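J.: Mind looking over this structure? Questions follow.
The values are calculated or read from the model by the stated rules, or taken from the named source; none is laboratory data. Small disclaimer: the values here were computed from a predicted structure and weren't measured. Cβ atoms come from the backbone with ideal geometry, glycine included; neighbour counts cover every protein chain shown.
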Amino acid sequence: MNNPEISITGGGNIGNVRMSGPFMKLIVSKDKLELRASIMGRYVFLPSDVISVTPAGIGGGVRINHTVGQYNKEIIFRSLGSDVIAQIASTGFLNNMEAASPQLKAEVEIARQSTGFAIKTSAAIAFVVIWNLFFLYDQRGLLSGGGIVIGGIGTRSALGFAAVFALLMLFVEPFQILVLKPGRDAKDLRFFMFFLLFVSVAIFIGMSAMPGAAQTLHK
């Protein structure tokens with residue numbers, strides 16, 4: 001009987017970075033365990049790389065104890081209502097003593113070159129700077145003794161900027177190449193970018209629909 005492949009959606013931790021569900025996906029077969037962590041990349045293990053898979057906290061969390069030097073030692077996956085360890089065991093991965101094929105080893109090595117934060121440092125800094133400049137625009141009144149504008153044009157521009165950024169990341173390949181580190185695939189960030197787009201647009205529409213949404217707070 002062939003062992004099944006499982007796919008579980010959830011959240012978890014990569015080192016000090018915590019990601020809530022459903023931004024992580026655990027995919028396990030007899031020969032490979034892969035954790036897709038959206039903006040934090042992919043973490044791929046062969047059976048020989050995994051020392052053990054142990055419970056982590058409550059609510060179905062599992063800790064992947066491994067020997068891969070370039071990965072953070074703290075890798076935890078959580079999925080509420082799922083017995084993750086039992087599902088992993090059902091694939092035969094934990095008891096697989098067979099040597100990996102040269103082709104699979106090569107695929108895993110390539111995957112490990114694209115691990116960690118997916119966006120270039122320069123692009124991430126630029127995003128944060130532009131985002132904050134829009135918000136600072138609503139606080140310019142402090143310089144002239146006025147007040148802070150809540151929900152003003154600066155805030156709405158920041159939300160619009162985030163939405164445009166997400167759209168470009170989803171559909172414009174030259175922009176993806178500009179923003180992503182070499183070897184990274186924009187498909188791994190699709191769910192995160194759709195989430196960013198949805199939240200930005202929803203808040204923007206909510207602010208625009210409320211009469212008198214922009215308020216000035218005086219000192």
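J.: With the requirement that a residue be β-branched (Val, Ile, Thr) and either touching a residue at least 24 places away in the same chain (Cβ under 8 Å) or in contact with a helix residue (DSSP H, G or I) (Cβ under 8 Å, 6 or more places away or on another chain) (or both), what does the range 111-135 give you? Even if it seems obvious, please write down each step before you answer.
T.: Step one: of the range 111-135, the residues β-branched (Val, Ile, Thr) are 115, 119, 121, 125, 128-130.
Listed by number, the residues that qualify are THR115, ILE119, ILE130.
J.: Please go through the range 61-80 and pick out each residue that is touching an Asp or Glu at 6+ places or on another chain (Cβ under 7 Å) and either touching a residue at least 40 places away in the same chain (Cβ under 8 Å) or β-branched (Val, Ile, Thr) (or both).
T.: Initially, the range 61-80 is screened for residues touching an Asp or Glu at 6+ places or on another chain (Cβ under 7 Å), giving 66-68.
THR67, VAL68 - these are the residues of the range 61-80 that are touching an Asp or Glu at 6+ places or on another chain (Cβ under 7 Å) and either touching a residue at least 40 places away in the same chain (Cβ under 8 Å) or β-branched (Val, Ile, Thr) (or both).
J.: I would also like to ask the following. Is it the case, given these coordinates, that ILE88 is under 23 Å from PHE195 (Cα atoms) and at pLDDT 90 or above? Walk me through how you get there before you give the answer.
T.: Numbers: under 23 Å from PHE195 (Cα atoms): no; at pLDDT 90 or above: yes.
In short, no.
J.: Looking at this structure, is SER200 in a helix (DSSP H, G or I), hydroxyl-bearing (Ser, Thr, Tyr), surrounded by 14 or more Cβ atoms within 10 Å (Cβ to Cβ) and modelled with pLDDT of 95 or more? Step through it out loud before you land on a result.
T.: Values: in a helix (DSSP H, G or I): yes; hydroxyl-bearing (Ser, Thr, Tyr): yes; surrounded by 14 or more Cβ atoms within 10 Å (Cβ to Cβ): yes; modelled with pLDDT of 95 or more: yes.
Criteria met by SER200.
J.: How many residues, within the range 149-181, are surrounded by 16 or more Cβ atoms within 10 Å (Cβ to Cβ), over 19 Å from the mean Cα position of the chain (by Cα) and in contact (Cβ under 8 Å) with a residue 60 or more places away in the chain?
T.: Here the count works out to 3.
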